[in-house]
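The values are calculated or read from the model by the stated rules, or taken from the named source; none is laboratory data. These numbers come from a predicted model, not from an experiment. Every residue, glycine among them, receives a Cβ derived from its backbone with ideal geometry; neighbour counts consider all protein chains shown. We work out accessible area using only protein heavy atoms, side chains counted, and drop any ligands, DNA or RNA first. Shrake-Rupley method; radii C 1.70, N 1.55, O 1.52, S 1.80 Å.
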Amino acid sequence: NFITVLDAISTEVGNYKRTVKRIDDGHRLCSDLMNCIHERARIEKTYAQQLTEWAKRWKQLVEKGPQYGTVEKAWHAVMSEAEKVSELHLDIKSALMNEDFEKIKNWQKEAFHKQMMGGFKETKEAEDGYRKAQKPWAKKLKEVEAAKKAYHAACKEEKLAISREMNSKADPALNPEQLKKLQDKVEKSKQDVLKTKEKYEKSLKDLDHVTPQYMENMEQVFEQCQQFEEKRLRFFREVLLEVQKHLDLSNDVSYKNIYRELEQNIKTADAIEDLRWFRANHGPGMSMNWPQFEEWSADFNRTLSRREKKKASDGVTLTGVNQTGDQALQHTKHSSHLSVPSNTVQSLQSSYNPFEDEDDTGSTVSEKEDNKIKNVSSSEKNQSYPTEWSDEESSNPFSSTDANGDTNPFDEDASPAMEVRVRALYDYEGQEHDELSFKAGDELTKTEDEDEQGWCKGRLDNGQVGLYPANYVEAIQ
């Protein structure tokens, strides 16, 4: 079988079948490298998206959290670093797909040409080259194998003839004529051995004569395959170096600048400066609005809401008023009424719109109430009022129900807020009697939305209703 002979030759010479298969493997390796780069690009994209989402989430948490000052800015710098690094990793993804991936794809298309009947042109050319180089030598090898087989058969026949002759000499039943025939067969077998041996040796000499040319032709085809493989190996090395440059951010100037800027922002954080700021704004160093003596005036009395209390720029003094004959003035911590001269009524009315919705009951003053106060009789002016007025509706003179039983004309304009379940992010201890206290992780119900000063109204699960800072909770999804 000619194919069997070729396989034996290929095994002896150096497995040309494996060399031819290497061409097919080269095409597959190009596809594998493209898949490898594509997966890495997808990882870079996913990582960039995760960095961006992480930075956005924590920016919001830090902004709403209790951190302040230069340390807050340093914390924000960490999120800014993530956003910038995310952009760099998106650039890596684009470079891997638009440059490296496309480069391999184009090279593979140019280096390997598919045939109509399947396989690649380069593979067929290599295999045909090996077959052509082996054909003359394979023919001689076939002759050697035939001569070898004939010689070995003659040797076997000679041995059998000699054995029969030896056995016949010991057998007295054989006549001389039969013995002569056995001796003639031994002689003939010896001559056949000499002839087949001579032919076998001659075929080997002929094979040795064509072997150098055979080796030269085989090496020539092998070198052509080597050159093709060398191009692929060099190309892969070039592409992998390009991939390394795209992945290596350590040599990227913008990448270095990101962490240089991050380090500078973190180092600018100053604990002493933050403590000084907190002392000046929320401690003993903050500007104080100490209670001062004010003359009693019947022209305007107003109940202030919590949001008005929180506005430090208004310069409002919270006092309790005792309208007695001697017009003595007493100051208390939780009083909520203000007496101002008549010349300030217009400015206060322009500052607080009586038609806007308020979170606290009794926080607005209607014109009807203003007129009642302005038309107070002399006997009402001399009437004594309690020293401290509470924010509660039961003692608030400007509550929704007046002395005549009339309802507040503005109550029907206020629409009830939708209740929302929220969860506490931090611990909070109420500073006043109308504020709620809770621990981080506690759940409560928000009954009114955040006001201008960042306060919400809510209800604990035990039924207690009060105010709390809006940025201390998050909505439960």
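Of note:
- Charged side chains reduced to their Cβ positions (Lys and Arg at +1, Asp and Glu at -1) give the range 115-224 a dipole of some 500 debye around its Cα centre.
- One decimal place: the segment LYS195-SER297 gains 21.7 nm when fully extended, by the rule 0.36 nm per residue minus the C-alpha distance.
- A crude spin-label estimate for the pair ALA146 and GLU63, with each label 7 Å from Cα along the Cβ direction, gives 9.4 nm.
- For a label point 7 Å along the Cα-to-beta-carbon line of GLU125, residues of the range 75-111 with backbone N under 19 Å: 106-111
- Greater than 27 Å apart at Cα, pairs in LYS21/LYS202; LYS114/LYS142; LYS21/LYS93; LYS149/LYS188: LYS21/LYS202; LYS114/LYS142; LYS21/LYS93
- Karplus-derived 3J(HN,Hα) values for the range 286-298, using 6.51 cos²θ - 1.76 cosθ + 1.60 with θ = phi - 60°, are 6, 5, 9, 10, 5, x, 10, 5, 10, 5, 6, 9, 8 Hz; glycine and proline are entered as x.
- Theoretical FRET efficiency, 1/(1+(r/R0)^6), r = Cβ-Cβ of ILE272 and ASN251, R0 51 Å, to 0.05: 0.85
- A full extension of the chain between VAL210 and ASN98 corresponds to an added length of 34.9 nm, given 0.36 nm per residue minus the alpha carbon distance.
- Placing a pseudo-label 7 Å from each Cα along the Cα-to-Cβ vector at GLU219 and SER163 gives an inter-label distance of 4.8 nm.
- Modelled spin-label separation between ARG423 and LYS439, with each label point placed 7 Å from Cα along the Cα-to-Cβ direction: 1.6 nm.
- Near GLN178, once Lys and Arg are set to +1 and Asp and Glu to -1 for all other residues with Cβ below 13 Å from its Cβ, the sum equals +1.
- Note on the range 135-212: with neighbouring protein chains present and a 1.4 Å probe, carbon and sulfur make up 57 percent of its accessible heavy-atom surface.
- Rounded D (µm²/s) - the range 157-280, Kirkwood Rh over Cα pairs, Stokes-Einstein at 20 °C, 1.002 mPa s: 86 µm²/s
- Rounded to the nearest 0.05, the FRET efficiency derived from the C-beta distance between GLU238 and ALA153 at R0 = 60 Å is 0.50.
- Each residue of the range 119-133 was assigned a 3J(HN,Hα) from its phi angle through the Karplus curve 6.51 cos²θ - 1.76 cosθ + 1.60 (θ = phi - 60°); the sequence is x, 10, 4, 5, 5, 5, 4, 5, 5, 5, x, 5, 5, 5, 5 Hz, with glycine and proline shown as x.
- For VAL473, residues with placed amide H under 5 Å, excluding near neighbours: LEU425
- Cα gyration tensor shape for the range 179-218, rounded if a/c is under 1.5, else prolate or oblate: prolate
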